[in-house]
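Asker: For reference, the structure I am asking about is given below.
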Amino acid sequence: MKIAKEMRELSELELNEKVSDLKQELFNLRFQHAVNQLENPQRLKAVKKQIAVIKTIQREREMKSAAVAN
């Protein structure tokens, strides 16, 4: 998966910034959808998926660091 591979190369700070930006974009897309001005409805799904991929990567890193600490 191209998205995941690119995201794994980012630092934790960059991932947090990316999640923040994507959440803001998702909010804007939902607002546009509510007022029937959304041009590309598939973008909603894509943004949600990107957020999920990043959160999964963050959780994997968290679990790996916890395993090393034990």
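Asker: State the percentage of accessible surface on the chain attributable to carbon and sulfur atoms; use a 1.4 Å probe and exclude ligands, DNA and RNA.
Answerer: That fraction is 53 percent.
Asker: Using a probe radius of 1.4 Å on heavy atoms only, what accessible surface per residue do you get for the chain? Whole Å² is fine.
Answerer: Result: 80 Å² of accessible area for each residue.
Asker: What are the lysines whose alpha-carbon lies under 19 Å from the alpha-carbon of Lys64, with same-chain residues fewer than 8 places away excluded?
Answerer: Lys5, Lys55
Asker: Right, something else. Tell me the angle of helix 12-34 to the major Cα principal axis of the chain, expressed in degrees between 0 and 90 and rounded to the nearest ten.
Answerer: 20 degrees
Asker: Could you derive backbone 3J(HN,Hα) for segment 55-65 from the dihedral phi with the Karplus parameters 6.51, -1.76 and 1.60 (θ = phi - 60°), listing whole Hz in sequence and x where the residue is Gly or Pro?
Answerer: Going residue by residue, I get 5, 5, 4, 4, 5, 4, 5, 4, 5, 5, 5 Hz, with x marking Gly and Pro.
Asker: Place a +1 charge on the Cβ of each Lys and Arg in the chain and a -1 charge on the Cβ of each Asp and Glu, then give the dipole magnitude about the Cα centre in debye, rounded to the nearest 20.
Answerer: Numbers: 14 positive and 10 negative charges, 69 e Å.
About 340 debye.
Asker: Given the options Glu12, Glu39, Glu25, which has the most mean-square fluctuation in a GNM of the chain, springs set between C-alpha atoms less than 10 angstrom apart?
Answerer: Per the Cα network of the chain with a 10 Å cutoff, Glu39 tops the list.
Asker: Spelling out what I want: for every residue of segment 35-47, take phi, set θ = phi - 60°, compute 6.51 cos²θ - 1.76 cosθ + 1.60 (Karplus), and round to whole Hz; glycine and proline get x.
Answerer: 9, 6, 10, 7, 7, 10, x, 5, 5, 4, 5, 5, 5
Asker: Under 1.5 on a/c is rounded, so check that first for segment 1-47, then, if it is not, pick prolate when a/b is larger than b/c and oblate when it is not; a ≥ b ≥ c are the square roots of the alpha carbon gyration tensor eigenvalues.
Answerer: Cα axes put segment 1-47 in the oblate bin.
The values are calculated or read from the model by the stated rules, or taken from the named source; none is laboratory data. Just so you know, these numbers come straight off a predicted model, no measurement behind them. Methodologically, a virtual Cβ is constructed for each residue, glycine included, from the backbone with ideal geometry; neighbour enumeration extends over all protein chains shown. Keep in mind that these areas ignore ligands, DNA and RNA; they rest on the heavy atoms of the full protein, side chains included. Shrake-Rupley method; radii C 1.70, N 1.55, O 1.52, S 1.80 Å.
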